[in-house]
Amino acid sequence: MKQLKEDIDEFPFPFKSNDPYRFSNNSIPLNPPISIDVTSKYIEEIKLKRDLLKTVHNRCYQSTPDTYEAQWEVLNLVMHHLSDMYPDRFKLKKEKDHWSFTNLITNETESFIYRDNSSLTLEPLDVIGRHVQEDLLILMEKDNELYLEAGQLCFPGRWSLVFKLGMTFLEIHQPIPEFNDTGLGDKIRRFLLNLEAGNPFERLNWALTIGYHLDTSIETFHKWGHKQKEVTPENVGSLVHLRVERQKLFRLPKSNSILFNIHTYLLSFEDLVQNPEWRSTFYDIFTNLPDYILKYKGAYAYKDTLIEYLKKFQQHA
């Protein structure tokens, strides 16, 4: 019960009552302007991250040579946020360019010379990414366009870093229905281009997934894709999960790039229905979603089963 309470307390429920969901730019100013969240699942998720980086590193980490300046900025930002916000768990000591970062949870210390690539055994982004639950991505701005140029991505929501590396912002999001056709994509692209250093934003993105799987990369589709067909009235509550990504955007002043980080949360519907307000709000929104959104969010195949499951609780509310 303690873990369930923590899961619900930490879960960023993405919907508001009486607010129909459609694709939009729902970014809001990030307050407080902190890039990282440490939750009760820290140890579990860091272990999973590192296991993936050990076994399929090329799938989970990619970068281009011109991203080192931005990578050091990300390392700088995240280490300071961790040590400032969680001083009982992380320490950062600096003597001019000689830095020492200690993770008291894992009992590890990273010592290096700031901005000296040779002082690290891994690239800066790959180093700091192993100490946070978030996936970390770098968008480089070139000729008034944004390109995905580096990332440590262990928990993707049905996409591939290897495939998307080097793509523009609009190319990356091309699979989203109506994203480019309606002008929404260009509107968000212009919003990102105007993002200012010192004024970060955040947004919540959501989907449905089967089972407790943080890693739903395209490369592992054979492991989880078929499970949609396994949803039944008996197991829908335990099998179907609401997947929410808390996404944060920081303009990095020296490189003029953007840090896009993603903290992924999962909550089964048998746990979600324990919160009456969430249950009612989700039911109202879900039952009014058009099919094209249901398909994109991974819910079309079992939508009726999930609706019937939720309806039982609505009737007894």
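Where a number appears in this text, it was derived from the coordinates with a stated rule and is not lab data. These numbers come from a predicted model, not from an experiment. Here Cβ is always computed from backbone atoms with ideal geometry, including for glycine, and neighbour counts include all displayed protein chains.
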Checklist outcome for this item: Selection over segment 177-205 where residues are under 21 Å from CYS154 (Cα atoms) and surrounded by fewer than 18 Cβ atoms within 10 Å (Cβ to Cβ) yields a count of 3
Item to check | Whichever residue in segment 71-117 is in a helix (DSSP H, G or I) and loosely packed, with under 15 Cβ neighbours inside 10 Å and, among such residues, is farthest from the chain's Cα centre (by Cα) | outcome: ASN117
Checklist entry - Only one of (1) within 30 Å of ASP186 (Cα to Cα); (2) of a type outside the set (A, V, I, L, M); (3) part of a helix (DSSP H, G or I) fails for TRP159. Which number is that? => result (3)
Checklist entry - If you go through segment 232-268, how many residues are more than 26 Å from ILE28 (Cβ to Cβ) and in contact with a His (Cβ under 7 Å, 6 or more places away or on another chain)? => result 1
Checklist outcome for this item: Within segment 137-176, of all residues that are free of Cβ contacts under 8 Å to residues at least 24 places away in the same chain and among the hydroxyl-bearing types (Ser, Thr, Tyr), the one surrounded by the fewest Cβ atoms within 10 Å (Cβ to Cβ) is THR168
Item to check | Within segment 20-32, tally of residues that are farther than 26 Å from TYR296 by Cβ and in contact with a helix residue (DSSP H, G or I) (Cβ under 9 Å, 6 or more places away or on another chain) | outcome: 1
Next on the checklist: Suppose we keep only residues that are touching a Leu at 6+ places or on another chain (Cβ under 7 Å) and in a loop (DSSP other than H, G, I, E, B) within segment 179-196. Which one would you say is farthest from LYS297 (Cα to Cα)?
Outcome noted: LEU195
